[in-house]
There are 4 protein chains.
Amino acid sequence: MQIGFIGLGKMGSAMAVNLAKAGHQVHAWNRSPVDAAEVPGVTIVDSVDTALDTEVVFTMLADDAAIRSVLLDSGALDTARAGLIHIVAATISVAFSKALAADHAERGLAYVAAPVFGRPDAAAAAQLNVVVAGPEDAVATITPLLETLSTKVWPLGTEPAQANAAKIAGNMMITMAIEAMSEGVALAGDNGVAADTFLDLMTGTLFGARAYQSYAPKIVSGDFTPGFKMKLGLKDLRLATELADAAQITLPVLDAVRTRMDVAVDAGMGEQDWSGIASRPYARKE
Amino acid sequence: MQIGFIGLGKMGSAMAVNLAKAGHQVHAWNRSPVDAAEVPGVTIVDSVDTALDTEVVFTMLADDAAIRSVLLDSGALDTARAGLIHIVAATISVAFSKALAADHAERGLAYVAAPVFGRPDAAAAAQLNVVVAGPEDAVATITPLLETLSTKVWPLGTEPAQANAAKIAGNMMITMAIEAMSEGVALAGDNGVAADTFLDLMTGTLFGARAYQSYAPKIVSGDFTPGFKMKLGLKDLRLATELADAAQITLPVLDAVRTRMDVAVDAGMGEQDWSGIASRPYARKE
Amino acid sequence: MQIGFIGLGKMGSAMAVNLAKAGHQVHAWNRSPVDAAEVPGVTIVDSVDTALDTEVVFTMLADDAAIRSVLLDSGALDTARAGLIHIVAATISVAFSKALAADHAERGLAYVAAPVFGRPDAAAAAQLNVVVAGPEDAVATITPLLETLSTKVWPLGTEPAQANAAKIAGNMMITMAIEAMSEGVALAGDNGVAADTFLDLMTGTLFGARAYQSYAPKIVSGDFTPGFKMKLGLKDLRLATELADAAQITLPVLDAVRTRMDVAVDAGMGEQDWSGIASRPYARKE
Amino acid sequence: MQIGFIGLGKMGSAMAVNLAKAGHQVHAWNRSPVDAAEVPGVTIVDSVDTALDTEVVFTMLADDAAIRSVLLDSGALDTARAGLIHIVAATISVAFSKALAADHAERGLAYVAAPVFGRPDAAAAAQLNVVVAGPEDAVATITPLLETLSTKVWPLGTEPAQANAAKIAGNMMITMAIEAMSEGVALAGDNGVAADTFLDLMTGTLFGARAYQSYAPKIVSGDFTPGFKMKLGLKDLRLATELADAAQITLPVLDAVRTRMDVAVDAGMGEQDWSGIASRPYARKE
């Protein structure tokens, strides 16, 4: 299939390469220059319009603003091939996802939300988990592509925003798992149980899940090289807060974790891994 | 080995039966009468002193106050056989555990903390996880007994309080996992993703761990038959708060979850499963 | 001056009567029928259009939705007299205030935000505090009217939303004062200091301010007859939360108080006075 | 009367001088040397025992530990004159106050808790507010002395801990007032209302009380020269948290403010005025 790919960061590059490996023609565009050697099999194009002159286009851009700037304000989407299916793979707001759905419908294009769970190494290994929502036909057409990238594809419904909400809620739950480990380590540590011993116990018993296993070593070592940058994590917690406000529900742990991350970003940790919120509590005793 | 067992609730009964099955002589005592048919192989004794006239005694009593009342205030512990190893398997406070350690040392008895992770069905299947801490010799002697009860025994050190702190921190993390699911379900639900779909996704990807898998079905069904009663869960969160205060550290998610559970207990849910804290947020929309 | 007045609840009625007393022709309209005897001097009109065919119109409607429904969706504002100055005296959202400003400018009407601090008795006594913001000329024209209603008029700037933000922040601070008293009473009460003794001490020393003095007697008596209904208070805390989100700042006490009020409204206290959030903590010990 | 005075910090010096001015013989002792010129009329003694060889002794020491060290561990209290009335004027924990009450009763001494509200300038002007609790006779004897120091004396009961709890709860409420202003300023500021304008409005209307008026100028200027040091404020919030734990009640705003202050102290603000917790939120936008 002829596929456009917009946004070649770590995640996007890995995904584009896997699509090419599977035999697709991938025309990829990035705002800043990309070394073609890093995306073997992928054709780098120098205009976003070329990437949109395809059957299916993925966008893996940072946030609402990046999509708005690259596709809408630039006028680029006006040049899209008729019938194009546009897959947004990044974490964007529910409000913007609804606006995109309306806008694409008006243009006669299909819009599918397909945010992914997994870090760059999972993307490279084609072991992402993809949640997908959008018009039934379009989702049916692109599901094989998503399967190329992932361990499993999770269809959630016909409204793209369903997938965005699930992704935002999932990311929120990851921050809660990180902070839970951090607080557990703090209590155990003050009572003579070392962080590695405590987290081995937890991840070896009740919490033997990826969300815990991925971050426990960072908490133990105190090495918060990203990974997923805290400033992006904070953005996602703000998206979750927007959803809570819109739903008129109060989520006290979300409030507590967002406050914690907000303080950490203020303290200059925005470029570190989001698990860096764990760095304070038990550091105090040293 | 000759073993005493004090406290035959659901957990205690299952553990006593498994010790008997393994060939030990188990002399068990309970405050209220127990049907012997429910603890096959176990000898019911009618005085706590008989249970203490053994080589090793387990106590599986509800809390600090129950141990204080049954063993200390009653004078029963004064009758213990010389050299007795006393294993406290319940979740008690760190402060009381330290007091017990000092008191037993004075009496020439050995005191070991061995709180367990797992619900009654895991106890029955001998699939608990046991954390253990106490004097080296005593721990070495009783480890085979603990192995009889569990999938794995986790030695944490020579100070009994180390095991209590780890258990309290672990229980705290379970409540955080429950509330995290609850808040995730609330966000997803308000955006058209059903609770079962969302939790299947979460427990099938990032959160494939027992702490999540055990409680997700309760959250989906809204059936909060215990399980582990919320009023006991709240007690454990108070123990965690005491540790945080003693350490002079601030744990904002602990504060938020304890507030949540406190409100739920006030609202009359104390006898339900502690996962009942998940019952409010998305119920509001109905 | 010829004045329209839309919305004759407790607050609106008192304000309309005071305007009439000051010698103005007041043409007032309310959605549900009003007994003319309760608003002496005020002319009740049976069409909102009549109220808008004036030089100045006050609206004292519950929230954004009520204004939208009565003035915009109904088309009524299309019939407004040219040059009309529209004073919105209720607490509305900053976002809606900005939309009203743009909409009125397009229509050639003047829009002024003039939310008031004070309860119905203060309104009746013409002892409100009015914060006002809007176009300079319009504010100059109506300031004498506002002075008729109040102890003091506080001009905040030329953007109507400035007054709305200040009002929302002020209401937020009142809920914090209520909860602060509630928590103080809880601590003192558990240590043998009665609620009335403690609050006499506080309001007689450090907290001798209306926000405290108004609510202390309600907390002491446990009589939460409104006053200002909790469901409206919760609405205002949601408006504050929206502002915090828009500003990308984290306000932890706002989060805590909103959670507290959310729980109380869920528990069925929405129609009681907002100081009813104080009813739980020390009630538990009884 | 012959009065001992132990602890000549800013508060203690001002109080000792006022007692001397009123015609009493004041024998004062301080751990570090004091310039006699700064405490006119007061006799500086070089042994704590001399200060305890009096009819009444005030102690104005920093915390539980200081009292324990100066009076108990040193053995000094063993030398106290028979029938001595000991007035503890500082903010100490309820638990320690109860221990002091029992200890003094055993020794045949009278112990009265008389913590004060007011900063050094109020102490110098004899305009403190004193809360007092203790044995009826002793309180009657010393009330004239307390009146010498204060605008008003507030008797709370016969258990000294009643006064300590009220003082702790009052200090807690001050931190809540500071944070409330801080959050209000943050919201208003992001919407174009300057901090000084907003706080003039608040302290000129609903919040015209000393707790607000004292700290508003610090928040506006950003000058957090103490005043009352934040590390001492945090100590008092920990005392409040201990009381909440002991009472088994959940105080969510206390949790939120303590977290906020804990973070600020961690960030190095412990020596600044406790109103420095207001420095972050609106600073972010600059």
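The values are calculated or read from the model by the stated rules, or taken from the named source; none is laboratory data. If you're wondering where the values come from, they're calculated on a predicted model, not measured in any experiment. Here the Cβ is made from the backbone with ideal geometry for all residues, glycine too, and neighbour counts use every protein chain on show.
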Among the residues of segment A:143-152, is any in contact (Cβ under 8 Å) with a residue 60 or more places away in the chain, of a type in the set (Lys, Arg) and either outside the structural domain of residue A:276 (by TED's automatic domain parsing) or surrounded by fewer than 24 Cβ atoms within 10 Å (Cβ to Cβ) (or both)? no
Which condition number in (1) more than 10 Å from chain D (Cβ to nearest Cβ); (2) surrounded by fewer than 23 Cβ atoms within 10 Å (Cβ to Cβ); (3) in a helix (DSSP H, G or I) is the one that residue C:226 fails? (3)
Using beta carbons and a limit of 9 Å, which pairs, at least six apart or on different chains, have the first residue in segment D:56-73 and within 20 Å of residue D:20 (Cβ to Cβ) and not assigned by TED's automatic domain parsing to the domain that holds residue D:112 and the second one buried (at least 22 other Cβ atoms within 10 Å of the Cβ) and among the polar types (S, T, N, Q)? none
Residue, farthest from the other protein chains (Cβ to nearest Cβ), within segment D:146-171, restricted to residues that are under 22 Å from residue D:97 (Cα atoms) and not in a helix (DSSP H, G or I): D:153
Which residues, counting only those in segment C:1-52, are hydroxyl-bearing (Ser, Thr, Tyr) and either farther than 23 Å from residue C:81 by Cα or crowded, with 22+ Cβ neighbours inside 10 Å (or both)? C:13, C:32
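Residues are listed down the side, and each one gets a yes or a no for (1) assigned to a helix (DSSP H, G or I); (2) within 14 Å of chain A (Cβ to nearest Cβ); (3) over 20 Å from residue C:267 (Cβ atoms):
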{"residue": "B:231", "(1), (2), (3)": "yes, no, no"}
{"residue": "B:235", "(1), (2), (3)": "yes, no, yes"}
{"residue": "B:238", "(1), (2), (3)": "yes, yes, yes"}
{"residue": "B:242", "(1), (2), (3)": "yes, yes, yes"}
{"residue": "B:245", "(1), (2), (3)": "yes, yes, yes"}
{"residue": "B:255", "(1), (2), (3)": "yes, yes, yes"}
{"residue": "B:261", "(1), (2), (3)": "yes, yes, no"}
{"residue": "B:266", "(1), (2), (3)": "yes, no, no"}
Does residue D:122 satisfy the criteria of being touching a residue at least 40 places away in the same chain (Cβ under 8 Å), closer than 21 Å to residue D:146 by Cα and not charged (D, E, K, R)? no
Output yes when any residue across segment A:208-221 is touching a residue at least 40 places away in the same chain (Cβ under 8 Å), more than 7 Å from every other protein chain (Cβ to nearest Cβ) and either over 22 Å from the mean Cα position of the chain (by Cα) or not in a helix (DSSP H, G or I) (or both), and no when none is. no
Can you name every residue in segment C:82-109 that is without any contact (Cβ under 8 Å) to a residue 40 or more places away in the chain and among the charged types (D, E, K, R)? C:103, C:106, C:107
Given B:107, B:68, B:81, which one is more than 14 Å from chain A (Cβ to nearest Cβ), surrounded by fewer than 24 Cβ atoms within 10 Å (Cβ to Cβ), within 18 Å of residue B:28 (Cβ to Cβ) and of a type in the set (D, E, K, R)? B:81
Does residue B:250 qualify as being over 30 Å from residue A:154 (Cβ atoms) and in a loop (DSSP other than H, G, I, E, B)? yes
Can you tell me how many residues within segment B:235-249 are out of contact with any Phe, Trp or Tyr (no Cβ under 8 Å at 6 or more places or on another chain) and without any contact (Cβ under 8 Å) to a residue 40 or more places away in the chain? 6
Selection within segment D:172-195 - at the interface with chain C (Cβ under 7 Å from one of its Cβ atoms), more than 27 Å from the chain's Cα centre (by Cα) and at negative phi: D:186, D:187, D:188, D:190, D:191, D:193
So which residues in segment C:248-258 are at pLDDT 90 or above and either of a type outside the set (Lys, Arg) or under 19 Å from residue A:261 (Cα atoms) (or both)? C:251, C:252, C:253, C:254, C:255, C:256, C:257
Quick test of your reading of the structure: residue D:118 fulfils all but one of (1) surrounded by 21 or more Cβ atoms within 10 Å (Cβ to Cβ); (2) under 23 Å from residue D:27 (Cβ atoms). Name the failing condition by number. (2)
Residue satisfying all of: in segment A:196-207; at the interface with another protein chain (Cβ under 7 Å from one of its Cβ atoms) and more than 17 Å from residue B:161 (Cα to Cα); surrounded by the fewest Cβ atoms within 10 Å (Cβ to Cβ) among these: A:205
